[in-house]
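What follows is a single structure, written as structure tokens, with notes after it.
The values are calculated or read from the model by the stated rules, or taken from the named source; none is laboratory data. No experiment lies behind these values; they were computed from the predicted model shown. Note: ideal-geometry Cβ built from the backbone for every residue, glycine included; neighbour counts use all protein chains shown. Each accessible area value is taken on the protein alone, full model and side chains, heavy atoms only, with ligands, DNA and RNA left out. Shrake-Rupley method; radii C 1.70, N 1.55, O 1.52, S 1.80 Å.
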Amino acid sequence: MTTINSQNIDYKTVVDVAKGEKVNIGPKARKLIVKTRDALEKEVKLGSVIYGVTTGFGMFKNKSISGDEVRQLQRNLILSHSVGVGKPFEKKVVRAMMFLMANYLSKGHSGVRLLVVRTLVEMLNKGVHPIIPEKGSVGSSGDLAPSAHLILVMIGEGEAEFRGQIMTGRVAMHKAKIKIVELEAKEGLALINNTSAMTANAVLAIEDVTNLVNIADICGSLSSEALRATLNAFSELIHDIKPHPGQIEVAKRMRYLLTGSKTLDTTKVQDQYSIRCIPQIHGAVRGALNYATEVVNIEANSVTDNPLIFFDKDDNTVVLSGGNFHGESVAMAMDTLGMAICEIANISDRRIASLLDPANSNGLPAFLVEKGGLNSGMMILQYATAALVSENKILAHPAVVDSIPTSANVEDLVSMGTISARKAREIIENVKNVLAIELMVAAQAIDFRLKSGFTLGQKTNQIFKMIRTVVPFFATDSIYYPYTKKLVELINSNNFAIILNYD
């Protein structure tokens, strides 16, 4: 059980809830929510001009809204902003969105009723998952369209998944025994002015890349064995005089993984860049991952709606309009992460190409098959990786540098952060498949080395045996794609983690 209680969380907490962990609201958070709501209601009664509460939205910010229209204003906001298109977000993205919303609303600056936050948490805990189209957000004023689709279900509209079935929001709430909410002053605005969709996708991207940078090192070590590389390029002496932390970490890991190998060539002067520069390239990706992780952790703890409510030193209410809903930080981080993880696939594809090419493989048969000609061997696996890395290069174009003004030019520079996060995750899926293919190809090459009497290091031998639990040696041509899928499943399982444990 995860408790929301105004404490700092990290992306791992969000991932846990996304995967099904339940949530409750702690006493500190409840107190803050109630205090801020009471203050907002007093301001409304006093007739204070508050954006989105007693005024319209966007270019209608100067249109006054009467007291008896406040509820209709909030409902209309949700209905009119539910304009998403495309396939629905997967369930774990939706759950992450709901948790992120509940978390920022609990910080005591949004002014929603405790009922609203409790309802979000109850939907999470009972498994009412709104159907949210993945496209339609420009990333400011927040993730408007995705968030509106989420809140549709809370007000008894839209669609939701409940116990494996798609149904109307009203039916899903009824079956789960959750009361429909009638939104009051500011609540609709507070629920959609946020960065929940981009941040939900970002936390899941961070989780995947944290695993993939380790898998990349594993692939690099196995390919190094298969190509009979030299350890020289991983020497501490080299990396201590270019002390990027990620580079030093990867070089240390390569030495660890290759310890005890009798396959490596101790007489070789140097290898191609895709082996020799593994620490420099994989290490740079780790640097980008650290930056993106820091940004996402900050965003997960941020209050991202507008306007915001504060209390001065005399406990007087202060309502301020700002732009915390703007997703620029997440957008830049996800564009950076997307570009960085592309390099993991690029270097992997080059190692695969070397393993298959007899001119570069240090004695291995062409395309890793004994009877070439009759058999194509693993030739076309590299065609697949070439296609994936080429697609990644298109997806790596940064979304954040593009902006199309909205709301009659009031919202004149937007972040496109949700696009950045979505495409980063698409790149990640391509990278998983490239690394899966490298594991398959490297294992095939290792078998030829073992037949020639060579022996692997202790850790690379463990890696090899783990691969061989799901993929056989191919003496002749075979249908390879089912094995690629199995290796992707192995990558996702995180079973390789035990091999990477070292002091």
Legend entry - Residues of segment 331-389 satisfying the condition of being charged (D, E, K, R) and open to solvent by less than 40 Å² (accessible area, probe 1.4 Å): Asp335, Asp349, Arg351
Inset, instruction - Out of the residues in segment 312-331 that are assigned to a loop (DSSP other than H, G, I, E, B) and more than 25 Å from Ala202 (Cβ to Cβ), state the one that is farthest from the chain's Cα centre (by Cα). - result: Asp314
Legend entry - Residue in segment 139-169 that is nearest to Gly188 (Cα to Cα), counting only those that are open to solvent by 10 Å² or more (accessible area, probe 1.4 Å) and acidic (Asp, Glu): Glu157
Legend entry - Of all residues in segment 230-245 being outside any helix (DSSP H, G or I) and among the polar types (S, T, N, Q), the one that is surrounded by the fewest Cβ atoms within 10 Å (Cβ to Cβ): Ser235
Inset, instruction - Please indicate, with yes or no, whether at least one residue in segment 186-201 is outside any helix (DSSP H, G or I) and over 19 Å from the mean Cα position of the chain (by Cα). - result: yes
Inset, instruction - Can you tell me which residue among Gly457, Gly372, Gly377, Gly363 is farther than 30 Å from Gly86 by Cβ and free of Cβ contacts under 8 Å to residues at least 12 places away in the same chain? - result: Gly372
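Yes/no matrix, rows are residues, columns are (1) at pLDDT below 95; (2) farther than 23 Å from Ser420 by Cα; (3) not aliphatic (A, V, I, L, M):
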{"position": "Asn306", "(1), (2), (3)": "yes, no, yes"}
{"position": "Asp314", "(1), (2), (3)": "yes, yes, yes"}
{"position": "Ala331", "(1), (2), (3)": "no, no, no"}
{"position": "Asn346", "(1), (2), (3)": "no, no, yes"}
{"position": "Glu370", "(1), (2), (3)": "yes, yes, yes"}
Inset, instruction - Those residues that are modelled with pLDDT of 90 or more, closer than 19 Å to Leu120 by Cβ and either open to solvent by 20 Å² or more (accessible area, probe 1.4 Å) or small (Gly, Ala, Ser) (or both), I need them from segment 1-24; list them, please. - result: Met1, Thr3, Asn5, Thr13, Asp16, Ala18, Lys19, Gly20, Glu21, Lys22, Asn24
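To keep it simple, each residue is scored yes or no on (1) on the phi < 0 side of the Ramachandran plot; (2) surrounded by fewer than 24 Cβ atoms within 10 Å (Cβ to Cβ).
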| site | (1), (2) |
| --- | --- |
| Leu73 | yes, yes |
| Ser80 | yes, yes |
| Gly84 | yes, yes |
| Val112 | yes, no |
| Gly127 | no, yes |
Inset, instruction - Count, please, the residues in segment 170-181 that happen to be surrounded by fewer than 16 Cβ atoms within 10 Å (Cβ to Cβ) and closer than 18 Å to Val112 by Cβ. - result: 2
Legend entry - Hey, Ile248 touching a residue at least 12 places away in the same chain (Cβ under 8 Å), open to solvent by 30 Å² or more (accessible area, probe 1.4 Å) and over 26 Å from His81 (Cα atoms) or not: yes
Inset, instruction - Tally the residues that are under 30 Å from Ile437 (Cα atoms), part of a loop (DSSP other than H, G, I, E, B), in contact with a helix residue (DSSP H, G or I) (Cβ under 8 Å, 6 or more places away or on another chain) and not aliphatic (A, V, I, L, M), restricting the search to segment 395-420. - result: 1
Legend entry - Residue list for segment 210-229, restricted to those being open to solvent by less than 10 Å² (accessible area, probe 1.4 Å) and either over 25 Å from Leu289 (Cα atoms) or touching a strand residue (DSSP E or B) at 6+ places or on another chain (Cβ under 9 Å) (or both): Glu225, Ala226, Leu227, Ala229
Legend entry - Members of segment 315-358 found to be touching a residue at least 60 places away in the same chain (Cβ under 8 Å) and among the charged types (D, E, K, R), listed by number: Glu328, Asp335, Glu343, Asp349, Arg350, Arg351
Legend entry - Tally, over segment 470-484, of residues that are touching a residue at least 12 places away in the same chain (Cβ under 8 Å) and either over 22 Å from Glu370 (Cβ atoms) or touching a helix residue (DSSP H, G or I) at 6+ places or on another chain (Cβ under 8 Å) (or both): 7
Legend entry - Residue that is farthest from the chain's Cα centre (by Cα), among those in segment 404-443 that are closer than 23 Å to His326 by Cβ and open to solvent by less than 10 Å² (accessible area, probe 1.4 Å): Val414
Inset, instruction - Take Ile309 and decide whether it is surrounded by 15 or more Cβ atoms within 10 Å (Cβ to Cβ) and out of contact with any Ser or Thr (no Cβ under 9 Å at 6 or more places or on another chain). - result: no
Legend entry - Qualifying residue in segment 316-327 (condition: hydrophobic (A, V, I, L, M, F, W, C) and touching a helix residue (DSSP H, G or I) at 6+ places or on another chain (Cβ under 6 Å)): no
Inset, instruction - Name, by its number, the condition in (1) part of a helix (DSSP H, G or I); (2) of a type outside the set (Val, Ile, Thr); (3) open to solvent by 10 Å² or more (accessible area, probe 1.4 Å); (4) out of contact with any Leu (no Cβ under 8 Å at 6 or more places or on another chain) that does not hold for Asn392. - result: (3)
Inset, instruction - Go through segment 25-48 and give me each residue that's at pLDDT 95 or above and outside any helix (DSSP H, G or I). - result: Ile25, Gly26
Legend entry - helices (runs of 4 or more DSSP H) completely within segment 69-172 that count 3 or more residues being under 25 Å from the mean Cα position of the chain (by Cα): 91-105, 114-126, 144-154
Legend entry - Residues of segment 251-276 satisfying the condition of being buried (at least 18 other Cβ atoms within 10 Å of the Cβ) and either modelled with pLDDT under 95 or not in a helix (DSSP H, G or I) (or both): Ser261, Thr263, Leu264, Asp271
